């Protein structure tokens, strides 16, 4: 039984196959021949609101022949104090897999310890591995004309602007170490990457490929892609005023790309807030590939679920 809680939970050869399958699933979606989840029921447990994550997983499970079951904290006994252990053991008796979108990463790890079915990280405050895999797929489409080889990511530079301690920044730090990307982090000193992601690299013998620079004029120098995320994530609303003020110099705008490569792409995991982390003109530009990223969540997650399917393990 396998889980996908962080980007390095798959072996390198498995990642190569997952990316190849994601491209194949996208190219053959009109025929939809794959039924890797036929007869299976997968639960989707949400502690946080969702649009892209919920829709892409629910549609993906159905297209793979499975049955998605939407759960949330407030409509289950978790909301009334039932333990994670008991909940996990009960759900394992009913389901073939469990997808969780939550706050603390320790919660999803606890679920994984007590289930006997695959657990998928659909986002925690620490990592967002499904988004990163889909984003890397999108970059390969743009940089390598759809070539599934992960070699197409090596040596490329991605600049991340804003809160460089957030889950997306952490996931890019991990992806950079796994796939050979140079990750340039640009944001306030008070929002630098934390010790937890650095410890994760160390524990897994992964060499860091990231650097931090608080100078927004230098952050995008030579970048092949610029990425940003919301400045006030779910659960941080009480900090909104301070965050908005601290992050203002790191808004991605047209001038951000002056020092980047001419064909530099703009990425955002959405939802975007025009006028905060990114200007409307950048969102409307030809370099923005947000909706390609969003679409590829579906294809990549189908490939991940297929790899984790109890019938394929």
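Considering only residues that are over 23 Å from residue 1 (Cα atoms), touching a strand residue (DSSP E or B) at 6+ places or on another chain (Cβ under 9 Å) and not in a helix (DSSP H, G or I), which ones fall in region 120-156?
Scanning region 120-156 gives 155, 156.
What single numbered condition from (1) touching a residue at least 60 places away in the same chain (Cβ under 8 Å); (2) over 27 Å from residue 196 (Cβ atoms); (3) part of a loop (DSSP other than H, G, I, E, B); (4) touching a helix residue (DSSP H, G or I) at 6+ places or on another chain (Cβ under 7 Å) fails to hold for residue 32?
(1)
For the subset of region 8-36 comprising residues that are under 16 Å from the mean Cα position of the chain (by Cα) and closer than 16 Å to residue 306 by Cβ, which member is surrounded by the fewest Cβ atoms within 10 Å (Cβ to Cβ)?
Restricting to residues being under 16 Å from the mean Cα position of the chain (by Cα) and closer than 16 Å to residue 306 by Cβ, the top hit is 9.
Kindly indicate whether residue 163 is buried (at least 17 other Cβ atoms within 10 Å of the Cβ), in a loop (DSSP other than H, G, I, E, B) and outside the structural domain of residue 26 (by TED's automatic domain parsing).
yes
Is there a residue being part of a loop (DSSP other than H, G, I, E, B) and loosely packed, with under 12 Cβ neighbours inside 10 Å anywhere in region 267-278?
yes
With the requirement that a residue be in a loop (DSSP other than H, G, I, E, B) and closer than 17 Å to residue 187 by Cβ, what does region 249-266 give you? Quick ask: steps written out before the conclusion?
First, pick out the residues of region 249-266 that are in a loop (DSSP other than H, G, I, E, B): 251, 253, 260-264.
Of everything in region 249-266, those that are in a loop (DSSP other than H, G, I, E, B) and closer than 17 Å to residue 187 by Cβ turn out to be 251, 253, 260.
So which residues in region 263-292 are over 23 Å from the mean Cα position of the chain (by Cα) and within 12 Å of residue 226 (Cα to Cα)?
Residue satisfying the conditions is 263 alone.
Output the number of the condition that residue 257 fails; it satisfies all remaining conditions of (1) touching a residue at least 60 places away in the same chain (Cβ under 8 Å); (2) closer than 27 Å to residue 133 by Cα; (3) out of contact with any helix residue (DSSP H, G or I) (no Cβ under 6 Å at 6 or more places or on another chain); (4) buried (at least 16 other Cβ atoms within 10 Å of the Cβ).
(1)
Matching residues to (1) in contact (Cβ under 8 Å) with a residue 40 or more places away in the chain; (2) exposed (fewer than 14 other Cβ atoms within 10 Å of the Cβ); (3) more than 22 Å from residue 245 (Cβ to Cβ):
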residue	(1), (2), (3)
177	no, no, yes
181	no, no, yes
186	yes, no, no
191	yes, no, no
196	yes, yes, yes
199	no, yes, yes
202	no, yes, yes
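The values are calculated or read from the model by the stated rules, or taken from the named source; none is laboratory data. Note that the coordinates shown come from a computational prediction; the quantities given were computed from them, not determined experimentally. Every residue, glycine as well, gets a Cβ built from its backbone with ideal geometry; the counts of neighbours run over all protein chains shown.
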